[in-house]
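Student: Got a structure for you, questions after.
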Amino acid sequence: MRVLLVGAGGVGTAITRIAARRPFLDRMVVADYDPSRAEAAVSALGDGAGRFRAERVDAGDEAQVAALLARHECDVLLNATDPRFVMPLFRAAQGARVTYVDMAMSLSEPHPERPYEECGVKLGDEQFERAAEWEKAGALALVGMGVEPGLSDVFARYAADELFDEIEEIGVRDGADLTVEGYDFAPSFSIWTTIEECLNPPVVYEADRGWFTTEPFSEPEVFDFPEGIGPVECVNVEHEEVLLVPRWVNARRVTFKYGLGREFIDTLRTLHLLGLDRTEPVTVPSAQGPVQVSPRDVVAACLPDPATLGERMHGKTCAGTWVRGTKDGAPREVYLYHVVDNQWSMTEYGCQAVVWQTAINPVVALELLATGEWSGTGVLGPEAFPARPFLDLLNAYGSPWGMREQ
C-alpha cells in the first residue's frame, strides 16, 4: 500500500508515528501546505523514516493533489486536514481512481428558515451524492474513519452484530478530564472544527421521524465515564455518527453528546455573539493596507496549536458508544469505549491524547484494507464493514477498548 497523507498537523504527525511501527505500509508521502511541517513529521521518525517522504501540496488544488498521487503511484489518499478540504480531496481521489479515507465528512448547511427543527444540507450529503459514481468505478471512499466518527461507528456495528437483537438507542458519548497548564482556554482539538460542530444545529435521528435538528447544547445529561474520569455533563452536538449509523445499523434513535463543560460552552457562545465563528472574510486595516481575513481563522491563530499542548496536558480522554436495547428478550444497556491517558501517549508516541486517539483508527483501517479483511466499493462509513477484525487489530496495536454493562 502506498499512501498520500494530506495534512501534517497534530493528527497527521501522530498517524506517521503509528504507521511507522506497522509493516503493511510500502510508502507514505506526507504532504502539507507548509513543507516544514511535513519535513518535521518525517524527520521525527528517525531510523523509521525510510518508507516516508515529505512533500508540499495545496489541499484545495485538485490538480496538484492528483499530480502528487500519480507521481508517487499512491493507491490511497488519507485526508488529515480540516473539513474545508474534504470535497477537493475527495474529488481528487475520485478522479485518480484511488481509495479515499477521511476522518470527517463534507460540511453541512443549516436549513435557511427552520435551522433548529429541520436539516438543510447534512454532513456527508455531498459525498453520498457521488456514491453511485464511486461504486460504478469499483472504487472505495471510506468516510468518517477517525475516532468520532470512526471507532464510535465500529462500536455501533459491533453492538448490532454481537450484543443486541434489537436496539432502542445508540448514543455516542465523549468526555474527558483533561487539563492544560498555563491556559484558561486551550482546546485539545482544532478550534476551527470545534466551532463548526458545536455551533451548528445538532442532528438527531429517530426511526419514525428521520433526521431533524435541535438547539445547540440541548438535552444536557450527566454521563459517568470509565477509568476514573467520572461524571461529565454532555450536550447535543452536530456530529457525523448521527448521519452515518442509521444507514447501516437498525436503531430507533441515534444521538451524539459531547462533554464540553459550562465554561467551554459559554466561550463558544461568546464567539458566536461577536461573530468570531464566521468563516466569511472581513476587511481589517493593517500597516500594509486593508487585508481580508476569516474571523474563525483569527481565533484559531490566537490559540495554541493543540498538537503542542501535550507536555502541559494531564488526564484522560474517552470516546465511546452507549447502546440500549434487548438481547434474548431481556433489556440490556452497554457502553463500549476507548480511553487514552495523555501521559501514556506522550511517553509512548510523543503525541497528546486527543490527536493520538483520532490518528490510530485510520491506520488500523488502512491495514485492514491492505490485508483485504475490509473491502468494498462506493461511499461507505465504518459501519459498513465487520467490526470484529477492527477491534481485534486495535488491541494488537496496544490500545485496548473496553465494555461496561450499564
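Student: So, of the residues in the stretch 80-98 that are touching an Asp or Glu at 6+ places or on another chain (Cβ under 6 Å) and of a type outside the set (A, V, I, L, M, F, W, C), which turns out to be surrounded by the fewest Cβ atoms within 10 Å (Cβ to Cβ)?
Tutor: Arg91
Student: Further question: Quick check: is even one residue across the stretch 156-164 small (Gly, Ala, Ser), out of contact with any Lys or Arg (no Cβ under 8 Å at 6 or more places or on another chain) and buried (at least 24 other Cβ atoms within 10 Å of the Cβ)? I'd like the intermediate steps shown before the answer.
Tutor: Restricting attention to the stretch 156-164, the residues satisfying the condition of being small (Gly, Ala, Ser) are 156, 159-160.
Restricting the remaining residues to those that are out of contact with any Lys or Arg (no Cβ under 8 Å at 6 or more places or on another chain) gives 156, 159-160.
Filter once more, so that each one left must be buried (at least 24 other Cβ atoms within 10 Å of the Cβ): 156, 159.
Yes: one or more hits.
Student: Restricting the search to the stretch 199-213, which residues are surrounded by 17 or more Cβ atoms within 10 Å (Cβ to Cβ) and in a loop (DSSP other than H, G, I, E, B)?
Tutor: Result: Asn200, Pro201, Pro202.
Student: A follow-up question, please. Looking only at the stretch 120-143, filter to residues that are among the small types (Gly, Ala, Ser) and in a helix (DSSP H, G or I); which one of those is surrounded by the fewest Cβ atoms within 10 Å (Cβ to Cβ)?
Tutor: As a first pass, look at the stretch 120-143 and keep what is among the small types (Gly, Ala, Ser): 120, 124, 131-132, 137-139, 141.
This time we only want the ones that are in a helix (DSSP H, G or I), so: 131-132.
On the way: Ala131: 15, Ala132: 11.
For the stretch 120-143, the residue satisfying everything is Ala132.
Student: Still on this structure, please answer the following. In this structure, is Asp75 outside the structural domain of Cys198 (by TED's automatic domain parsing), surrounded by fewer than 20 Cβ atoms within 10 Å (Cβ to Cβ) and under 22 Å from the mean Cα position of the chain (by Cα)? Break it down stepwise before answering.
Tutor: On the way: outside the structural domain of Cys198 (by TED's automatic domain parsing): yes; surrounded by fewer than 20 Cβ atoms within 10 Å (Cβ to Cβ): yes; under 22 Å from the mean Cα position of the chain (by Cα): yes.
It is true that Asp75 is outside the structural domain of Cys198 (by TED's automatic domain parsing), surrounded by fewer than 20 Cβ atoms within 10 Å (Cβ to Cβ) and under 22 Å from the mean Cα position of the chain (by Cα).
Student: Which of the numbered conditions does Ser218 fail, given that it passes all the others? Conditions: (1) part of a loop (DSSP other than H, G, I, E, B); (2) under 20 Å from the mean Cα position of the chain (by Cα); (3) among the hydroxyl-bearing types (Ser, Thr, Tyr).
Tutor: Of (1) part of a loop (DSSP other than H, G, I, E, B); (2) under 20 Å from the mean Cα position of the chain (by Cα); (3) among the hydroxyl-bearing types (Ser, Thr, Tyr), only one is false for Ser218: (2).
Student: Considering each residue of the stretch 19-41, count those that are buried (at least 20 other Cβ atoms within 10 Å of the Cβ) and closer than 18 Å to Met346 by Cα, and give that number.
Tutor: The total comes to 3.
Student: Out of the residues in the stretch 65-89 that are among the hydrophobic types (A, V, I, L, M, F, W, C) and in contact with a Lys or Arg (Cβ under 8 Å, 6 or more places away or on another chain), which is farthest from Ala14 (Cα to Cα)? Quick ask: steps written out before the conclusion?
Tutor: Filtering the stretch 65-89 down to residues among the hydrophobic types (A, V, I, L, M, F, W, C) leaves 65-70, 74, 76-78, 80, 85-87, 89.
Then keep just the ones that are in contact with a Lys or Arg (Cβ under 8 Å, 6 or more places away or on another chain); that gives 74, 76.
Details: Cys74: 20, Val76: 18 Å.
This residue is Cys74.
Student: Can you name the residue in the stretch 178-195 that is outside any loop (DSSP other than H, G, I, E, B) and over 24 Å from Gly230 (Cβ atoms) and, of all such residues, is modelled with the highest pLDDT? Please lay out each step first, then the result.
Tutor: First, the residues of the stretch 178-195 that are outside any loop (DSSP other than H, G, I, E, B): 179-180, 191-195.
Still in the running and over 24 Å from Gly230 (Cβ atoms): 191-193, 195.
Working: Ile191: 81, Trp192: 80, Thr193: 81, Ile195: 85.
This residue is Ile195.
Student: Residues of the stretch 308-321 being buried (at least 22 other Cβ atoms within 10 Å of the Cβ) and either touching a Lys or Arg at 6+ places or on another chain (Cβ under 7 Å) or assigned to a helix (DSSP H, G or I) (or both), which ones?
Tutor: Scanning the stretch 308-321 gives Gly310, Gly320.
Student: A follow-up question, please. Starting from the stretch 215-240, take each residue that is outside the structural domain of Val204 (by TED's automatic domain parsing) and list its partners that are of a type in the set (D, E, K, R) and not in a loop (DSSP other than H, G, I, E, B), counting only C-beta distances under 8 angstrom and pairs at least six apart or across chains.
Tutor: Note: no pairs meet the criteria.
Student: Considering the stretch 281-296 alone, what residues qualify as being within 27 Å of Pro149 (Cα to Cα) and either at pLDDT below 90 or in contact with a Leu (Cβ under 8 Å, 6 or more places away or on another chain) (or both)?
Tutor: Initial filter on the stretch 281-296 (within 27 Å of Pro149 (Cα to Cα)): 294-296.
Pro295, Arg296 - these are the residues of the stretch 281-296 that are within 27 Å of Pro149 (Cα to Cα) and either at pLDDT below 90 or in contact with a Leu (Cβ under 8 Å, 6 or more places away or on another chain) (or both).
The values are calculated or read from the model by the stated rules, or taken from the named source; none is laboratory data. All of these numbers come straight from a predicted model, not from anything done at the bench. Every residue, glycine among them, receives a Cβ derived from its backbone with ideal geometry; neighbour counts consider all protein chains shown.
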